[in-house]
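Read the structure below first, then the notes.
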Amino acid sequence: MGLSMTYALKIAALAAASALAAASASAAPVQWTTGPGANGHWYELVSSFVTFDTALAAAELATPIAGYDAHLATVTSAEENAFIFNNVFSGLVWFAGSDAEVEGVWKWVAGPEAGTIFRNGFVQPPGTYANWHAGEPNNAGGEDALTGFYFGGLTWNDQCVCATNRYVVEYSGSGPIGGGVPEPSTWALMIVGFGLAGAAVRTGRRRAVAEAA
């Protein structure tokens, strides 16, 4: 019975991983090449609804292109916020901001800006950018992750890391303007899914051994 249960867990876990990948839909990456602040970075919307931690991991695993590194998007200027809103944004999305380490101290946790604080309590440090919606962040019920949502534009909100949202992958670096298009991040999400599947299988095997003993 223990071995059959392990097999069933394996099938279920693999099916879940496949479903996760199949449900993933990535819009074609868009490169920011013109206008004030244009940085040559690529931005990609991944339409799968995942938790904050999953979005962080999947974004970093996205297939990079020469001269670029993939990560969950960081938004460091009004121009970048506007570009994402006009070209990539859809509904509600994760960005790579968090105050999980120290409540009220918001910083970027991915990309070249990782570690940069953009809100300290009620103070925005000089030289940083933020676009919080009125009354946000409010930590209602323990909210430690940054989302962007539509309210007359792309404004920011704090949300529980346990929530599930779409997310934006940013490809940062000094690659050429108009360079090759990155591979869709669906594959990265598939890798994360199979990692979760493997963990489920290993747990099932340990349970089966314990029951046999």
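What to note about this one:
- With the biggest extent put first, the Cα atoms of the stretch 26-182 measure 42, 32, 29 Å across the principal axes.
- Efficiency of FRET from Cβ geometry, residue 47 and residue 117, R₀ 41 Å, rounded to 0.05: 0.85
- Segment residue 85-residue 150, length gained on full extension (0.36 nm per residue, minus Cα span): 22.5 nm
- Pairwise label distance in nanometres, residue 34 with residue 63, each label 7 Å out on the Cα-Cβ vector: 2.9
Since every read-out is calculated from the coordinates, none of them should be taken as a lab result. Source: prediction; values computed, not measured. Virtual Cβ from ideal backbone geometry, glycine too; neighbours counted across all protein chains shown.
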